[in-house]
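Since the structure comes first, as structure tokens, the remarks are kept for the end.
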Amino acid sequence: MNNTNQTILLEKHLLADYQPGDFFLASPSNTVLGKGVFAQVPRDHTNDNQLKGLANRISDTLINAKLAGHSKPIVVGAVPFDYQNSAQLIIPKHVEISESENIPVENEAPSAAEVSYRIKSVPSLEQYKQGVAKGIAQIKDGNLQKIVLSRSLHLTASQQVNVPALLSSLAQHNHQGYTFAVNLKDEGHQDSHHSPERTLIGASPELLVSKAGPKIVANPLAGSRPRSADPVEDERRAAELLASEKDLHEHAVVVQAVAEALKPYCKTLEVPSQPSIMHTETMWHLSTEIRGEIVNSSTSSFQLASALHPTPAVCGTPTEAARESIYEIEPFDRAFFTGMVGWCDENGDGEWIVTIRCAEIEDCSIKLFAGAGVVGASKPEEELAETSAKFRTVLKAMGIEEERFISNVEE
């Protein structure tokens, strides 16, 4: 295969070909695997509107790659939560795309008995609850309608993390969602060949936006409950979520914001009046699938994603006030957590996913992230429990049982 070609594969398990350093994104519709670096989208810290400037640089990089001989260039990678930070976006040398597939697990992740972990919560559990209380107070004072507050788990493993095995485990249990791996190492840095691989990996349930020709789809999620192993209790939690005034309000705020952001680009936009319910292996979510047709087919999927990012589902509302409160309350840098992962081709078609249920991995170090939407009716203990439930997606894929995880967390 020519090193600049994109190949469409119908019956190949691309996950088996994934290696650390590659780009991988499996969605319900297709799987994308990118290898090597043909070009890197330039970074620019001088532009006041980083996302608009980034959209222009993506377009220029795609045009230049075409002129340089790449037959079907595609930009892939990740954008951080804070648009003042640098994105990690490249055009791979090789791109392969397959239809969605039942992915076999080629590698077995080490069992919990084989690997030991030191686990630290950042912030501490008590500090997180205090932060939620601050958020609730700001809402009751009228400064915010909603704020999303997150925390991180820092794990140190007794051996190097097997990233392909972890990705396989996530994909095996995430057929209806979006499993991804992005190389975060700066290939343009002079010491990049000597630095260890750093990978953003996860299994997000949430589509930010996709575009195919003039058709677009967005699927905001907000409002959730942890799943239960007891089928009766599991159904009770789902019914409770659908009837929850607090969660329905939280969801409506997100849907309204997404619809308002997309309207200027669309000649038609279908927004269901009521949410449905969807589930992952670990969580129930309120879900609204928004469909539309854009006015100008040259508008790219990345431009649409930029108009939405960050949604109230990961930041809050009003956006800038919520963002400033997040910086004040959260004692860590979210980096790529609650950013977006995806791809965009030369026609502007593409798919961008909200970067949640994720971790950053470097050698033996793993940083997990989870957040919860806080509104006036929230309770700190319940938001803490929600973040713990969301950590389960990656922890379960790592073979860490919930009981062991809880007993080993260091304050």
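The values are calculated or read from the model by the stated rules, or taken from the named source; none is laboratory data. Nothing here was measured: the structure is a model prediction, and the numbers come from that model. Here Cβ is always computed from backbone atoms with ideal geometry, including for glycine, and neighbour counts include all displayed protein chains. Accessible surface is based on the protein model in full, side chains and every heavy atom, while ligands, DNA and RNA are left aside. Shrake-Rupley method; radii C 1.70, N 1.55, O 1.52, S 1.80 Å.
Gain on full extension, evaluated as 0.36 nm per residue between residue 298 and residue 159 minus their Cα-Cα distance, stands at 45.3 nm. Scanning residues 5 or more positions from residue 353 or on other chains, those with amide H under 5 Å from its amide H are 208, 341, 342, with H placed 1.01 Å from N in the peptide plane.
Tell me, what is the per residue accessible area of the chain in Å², probe radius 1.4 Å? Show your work: numbers first, answer last.
Working: 17450 Å² over 411 residues.
In whole numbers, the chain has 42 Å² accessible per residue.
Dipole magnitude for the stretch 32-99: computed about the Cα centre from +1 point charges on Lys and Arg Cβ and -1 point charges on Asp and Glu Cβ, it is near 220 debye. Simple rule: put +1 on each Lys or Arg Cβ and -1 on each Asp or Glu Cβ in the chain, find the dipole, and look at 304, 119, 327; the Cα lying farthest toward the positive end is 304. Counting only lysines at least 8 places from residue 185 when in the same chain, those with an alpha carbon closer than 16 Å to its own are 35, 367.
For residue 60 and residue 141, compute 0.36 nm times the residue count separating them, minus their Cα-Cα distance, and round to one decimal in nm. It would help to have the intermediate numbers written out before the result.
Numbers: separation 81, 0.36 × 81 = 29.16 nm, distance 4.55 nm.
Residue separation times 0.36 nm, minus the Cα-Cα distance, leaves 24.6 nm.
Length available on full extension from residue 212 to residue 72: 0.36 nm per residue minus the Cα-Cα distance, which gives 48.8 nm.
Using the beta-carbon distance between residue 379 and residue 230 and R0 = 25 Å, what value does 1/(1 + (r/R0)^6) give for FRET efficiency, to the nearest 0.05? Don't skip to the answer; put the middle values down first.
Working: r = 23 Å, r/R0 = 0.93.
Given R0 = 25 Å and the Cβ-Cβ separation, E is 0.60.
Can you flag which of 134/390; 52/267; 52/134; 146/263 are past 26 Å Cα-Cα? Present the calculation step by step, with values, prior to reporting the outcome.
Details: 134/390 22 Å; 52/267 22 Å; 52/134 33 Å; 146/263 22 Å.
Among 134/390; 52/267; 52/134; 146/263, the Cα-Cα distance tops 26 Å for 52/134.
Based on Cβ point charges of +1 for Lys and Arg and -1 for Asp and Glu, what charge dipole magnitude is obtained for the chain about its Cα centre, in debye rounded to the nearest 20? Before the final figure, lay out the partial values.
Working: 36 positive and 54 negative charges, 139 e Å.
With only Lys, Arg, Asp and Glu charged at Cβ, the dipole is about 660 debye.
Overall, the anisotropy analysis places the stretch 181-301 in the oblate class: the square-rooted eigenvalues a ≥ b ≥ c of its C-alpha gyration tensor yield a/c not less than 1.5, with a/b not exceeding b/c. The residue list 87, 65, 153 was ranked by how far each Cα lies along the charge dipole of the chain toward its positive end, using unit charges on Cβ atoms, and 65 comes out on top.
Ignoring any ligand, DNA or RNA, what whole percent of the accessible area of the chain comes from carbon and sulfur when the probe is 1.4 angstrom? Don't skip to the answer; put the middle values down first.
Values: 8300 of 17450 Å².
The value for the chain is 48 percent carbon and sulfur by accessible area.
When Rg and Dmax of the Cα atoms in Å is calculated for this entry, the matching label among (1) 25.4, 85; (2) 25.8, 91; (3) 20.3, 61 is (3).
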